[in-house]
Every structure is written in structure tokens, then in C-alpha cells.
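K.L.:
Encoded as C-alpha cells, here's the structure I'll be asking about.
The values are calculated or read from the model by the stated rules, or taken from the named source; none is laboratory data. Because the structure is predicted, anything quoted here is derived from the model rather than measured. So basically every Cβ, Gly included, is an ideal-geometry build from the backbone, and we count neighbours across all protein chains shown.
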Amino acid sequence: MPGSEHNHKKGRINWAELDWVVVGGAIALHAFAALALIPLLFTWSGLVMAGIMTFVASCLGITLCYHRLLSHRSFKTPKWFEYVLATCGCLAWQGGPIGWVGTHRLHHQHSDTEHDPHSPEHGFTWAHVLWFVHRYHHGVHRTQAATDLMKDRGLRFLEKYSWLPIVGLMVLLFAGGWAFAALGFSEKAGWVVGTSWVVWAVAVRTVLFFHLTWFVNSAGHTWGYQNYKDTGDRSTNLWWLALFSFGEGWHNNHHANPRSAAHGLRWFEFDITYCTIKVLGWVGLAKKINLPPAERMPGGMNEPAKEVPHDPKLA
């Protein structure tokens, strides 16, 4: 953010400026997820719950709500449903909606420059994770880029108590796993199944989507192809990232058309989040769905997709 002091230019990290509370929390979360390596804690039901919660928290909560709805207003939805979706976003453990949106809007305002919160100009590792654990990130006034959301009492509540849905989910998962075993659906003890559900449906899926989100910031500005050359940054489209991030990997398309609800714009650019928005539209929960004008669609461009050359400085 302009005016903020930080010392990470050209990949030179001042380790004294890391927020060690956040570093400790990130390490603890990864250690929590590593419990999944214990054979006793693997259950097929836990894996199924992880899949369900990945869609709820990551697709509905982050990519659909935090990103395409709240950050860019690419479609409209009833206010009560917006709160439901924002609560799902809290379950992703990426913080409350206002701080997330503020950081993302700053990224668009200053993409790939000194004032981009996770600029790849400072190196791949900075863009991927170091920005998140740096005092600079937690010291900037991110809410200045989300003043519209600050006026919403419901979103302010979720911002302040974003941890509450996570705690509630962990309690419900543990109790649900215990009941699942008690009803005879598992041969393992109730506490084992309950713990399995928490480990897989909270810790593992949270860590995995953390890194997928961070890969949009790092890999999505380093490798891939561009449908648009007029974005003023190195944003790219990366098929494998789009596949696992519910369509967020079509990042160059997004930077070229930030208010578009669809990120995948060519026939082969599959976008699960946009498909979900269309389904919500069919049932009346999504309206005024924005798409790029015809002249901005990649199929109508004069030049073909351009492969972005690897820049060693960004590695």
C-alpha cells in the first residue's frame, strides 16, 4: 500500500519483519494437517466430508463470494444469501470478508508493482506465502479499499468474529463423526472418526486451498499463457491451477475483465465457480450476472493466446 514501509524489495526479506504469531499459526495449521498421515485417522467418511467442505468453504465461500461477489460485484444476490455465502468464506480460514476483499482490491489497483501486497516482483516465494506472514501485510489499512463493505453491519460482524464459524464447524464435525460411528457406520471408535472428520475436513482441506489461493498470486503471475496483453501486468492463465481452484487459474482473463463473473472465456477454459453462479441464477439466487462485452471475448481478438516467457527474476 502506498506510504507503507516494508523491506522486501527484489526478494530480500528482512526476517525480523515477519509476524511470528502468524508464522506460528501457519506452522501449527500445517502440523495439524499432517495428522492425516496417521493411518488410524484416515476414514473414507472423513475424505468425503473434506470434499464437501472444500466446495462449501473454498468454492462458495472464497471464489464465488469473497472474490467474484464481494470484491468485484460481478453478480447480485439477496442480502440474506450474501451473508450465508460470506459465512462459508469464513470457514476457509482466510480471515473475514472485509480484510480479504481489501487486500484483493489493492492487488488489482497495484498489480505487479511495489504496492501490490503480494507482488511477484519481489520473488516467487514472496508472492506465494511470505507476504502473508509479513508485518507489512498485517499493518496496511486494507479496509480503506473496502469502505463499501465497512458500511454493512453483517459483514463487519463476520470480519470481527470470522473465527466463530470455524470453531462451530469443528464441534459439529467431531460430534457428527462420533455419531456416525455410534450408529454403526464405522468400525472405528467414535472419537477416532470425529477426529478424522476434523483433521480432513478442516485442517487438510484448509492447507491445500491456502496453497491453491497463494498459487494464483505466484504461479498465476509467472507461468502460463495470456489471452489479453493489455492488462499491464504478468497475469496468466494456467490450466492445472484453474482445475483445482474452481476456475481462479484463468487469472489473465480475470485481470482483463475484473467485473466478469466468468473467468474461463474460451471453450476449453472450464470454470466451476461460474457454472455454480449460473445454477444460482436458474434458481433465482443470482441476478445481473456480468460478462465481458463481445469485443472483449478472447475468441474475437485479433491475436492468439501468447505464452508468457519465464522470468528468472521471479523464480
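K.L.:
Given the conditions (1) within 30 Å of MET49 (Cβ to Cβ); (2) out of contact with any strand residue (DSSP E or B) (no Cβ under 8 Å at 6 or more places or on another chain); (3) not in a helix (DSSP H, G or I), report the number of the one that GLY264 does not fulfil.
P.N.:
It is condition (2) that GLY264 fails.
K.L.:
For ALA175, indicate whether it is of a type in the set (A, V, I, L, M), in a helix (DSSP H, G or I), free of Cβ contacts under 8 Å to residues at least 40 places away in the same chain and farther than 15 Å from PHE42 by Cα.
P.N.:
Details: of a type in the set (A, V, I, L, M): yes; in a helix (DSSP H, G or I): yes; free of Cβ contacts under 8 Å to residues at least 40 places away in the same chain: yes; farther than 15 Å from PHE42 by Cα: yes.
Taking the combined requirement at face value, the residue satisfies it.
K.L.:
Kindly indicate whether PHE215 is assigned to a helix (DSSP H, G or I), over 30 Å from TRP126 (Cα atoms), aromatic (Phe, Trp, Tyr) and touching a Gly at 6+ places or on another chain (Cβ under 9 Å).
P.N.:
On the way: assigned to a helix (DSSP H, G or I): yes; over 30 Å from TRP126 (Cα atoms): no; aromatic (Phe, Trp, Tyr): yes; touching a Gly at 6+ places or on another chain (Cβ under 9 Å): yes.
Considered against the rule, which asks whether it is assigned to a helix (DSSP H, G or I), over 30 Å from TRP126 (Cα atoms), aromatic (Phe, Trp, Tyr) and touching a Gly at 6+ places or on another chain (Cβ under 9 Å), PHE215 comes out as no.
K.L.:
Failed condition for TRP200, given (1) assigned to a helix (DSSP H, G or I); (2) aromatic (Phe, Trp, Tyr); (3) within 20 Å of the chain's Cα centre (by Cα); (4) surrounded by fewer than 22 Cβ atoms within 10 Å (Cβ to Cβ), with all others met?
P.N.:
(4)
K.L.:
I've got another one for you. For the range 50-148, which helices (runs of 4 or more DSSP H) that fit wholly inside it have 3 or more residues that are within 14 Å of the chain's Cα centre (by Cα) and of a type in the set (Val, Ile, Thr)? Can you show your working first?
P.N.:
Details: elements: 79-90, 97-109, 124-128, 135-139.
Ranges flagged: 97-109.
K.L.:
Based on what the data block shows, is TRP20 closer than 18 Å to VAL202 by Cβ and either modelled with pLDDT under 95 or aromatic (Phe, Trp, Tyr) (or both)? Can you show your working first?
P.N.:
Details: closer than 18 Å to VAL202 by Cβ: no; either modelled with pLDDT under 95 or aromatic (Phe, Trp, Tyr) (or both): yes.
Judged against the criteria, TRP20 is not a match.
K.L.:
A further question on this structure: Can you pull out every residue in the range 90-109 that is touching a residue at least 60 places away in the same chain (Cβ under 8 Å) and on the phi < 0 side of the Ramachandran plot?
P.N.:
Going through the range 90-109, the residues touching a residue at least 60 places away in the same chain (Cβ under 8 Å) turn out to be 90-99, 106-108.
Of everything in the range 90-109, those that are touching a residue at least 60 places away in the same chain (Cβ under 8 Å) and on the phi < 0 side of the Ramachandran plot turn out to be CYS90, LEU91, ALA92, GLN94, GLY96, PRO97, ILE98, GLY99, LEU106, HIS107, HIS108.
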